Amino acid sequence: LCCGTNAESPLLQCVLTGRWINDLGSNMTIEAVNKKGEFIGSYHTAVTATTNETCMSPLQGSQHCTNQKRQPTFGFIVNWSFSVSTTTFVGQCFVDKDSKEIVRTAWIMQDEVDSLEDDWKAS
């Protein structure tokens with residue numbers, strides 16, 4: 001058990017818990033991060049390549065312990081409820097010069113394909 005609140009400077013601590021909205025209108029909600037750094041939540045994308053109606057999809061992830069880093073790195077997986085694909089996100093939670101919390105991520109999505117020969121176009 002290693003995660004907890006940074007008692008030295010809680011105002012400069014970037015906390016993942018809460019609702020986040022990106023520049024394209026997608027939003028995610030992260031529930032409380034436990035003492036092991038694990039969390040669950042939900043993600044609703046505003047961007048999709050499918051014709052299916054999008055809906056809230058579950059996510060689960062982990063972050064580095066906040067008592068060790070004030071701007072923690074993290075990763076999470078979204079299992080899309082409306083398509084046969086999964087996306088993995090990695091990133092870091094920052095506090096900018098105006099004390100605003102900002103999350104930056106990179107992601108890779110894996111689509112299901114019909115055969116091993118089609119694997120090249122799955123990610």
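The values are calculated or read from the model by the stated rules, or taken from the named source; none is laboratory data. On a predicted model such as this, the values are computed, not experimentally measured, just so you know. Reconstructed Cβ throughout: ideal geometry from the backbone, glycine too, with neighbour counts over all protein chains shown. All accessible areas refer to the heavy atoms of the entire protein, side chains included, with ligands and DNA or RNA removed. Shrake-Rupley method; radii C 1.70, N 1.55, O 1.52, S 1.80 Å.
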**Asked** From the set of residues in the range 18-43 that are among the β-branched types (Val, Ile, Thr) and not in a loop (DSSP other than H, G, I, E, B), which is least open to solvent (accessible area, probe 1.4 Å)?
**Response** 30
**Residue pairs meeting the criteria (Cβ under 7 Å; at least 6 apart or on separate chains; first touching a residue at least 12 places away in the same chain (Cβ under 8 Å), in the range 21-32; second of a type outside the set (Ser, Thr, Tyr) and not in a strand (DSSP E or B))** = 24/46; 24/47; 25/46; 26/46; 26/47; 30/16
**Asked** For residue 60, all conditions in the list (1) open to solvent by 60 Å² or more (accessible area, probe 1.4 Å); (2) modelled with pLDDT under 95 hold save one; what is the number of the exception?
**Response** (2)
**Asked** Only one of (1) in contact (Cβ under 8 Å) with a residue 40 or more places away in the chain; (2) farther than 27 Å from residue 55 by Cβ is not met by residue 97, so which one is it?
**Response** (1)
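If I ask for residues that are of a type in the set (A, V, I, L, M, F, W, C) and open to solvent by 40 Å² or more (accessible area, probe 1.4 Å), which ones from the range 65-123 would you list?
Filtering the range 65-123 for residues of a type in the set (A, V, I, L, M, F, W, C) gives 65, 74, 76-78, 80, 82, 84, 89-90, 93-95, 102-103, 106-109, 113, 116, 120, 122.
Correct list: 77, 84, 90, 94, 102, 106, 107, 108, 109, 113, 116, 120.
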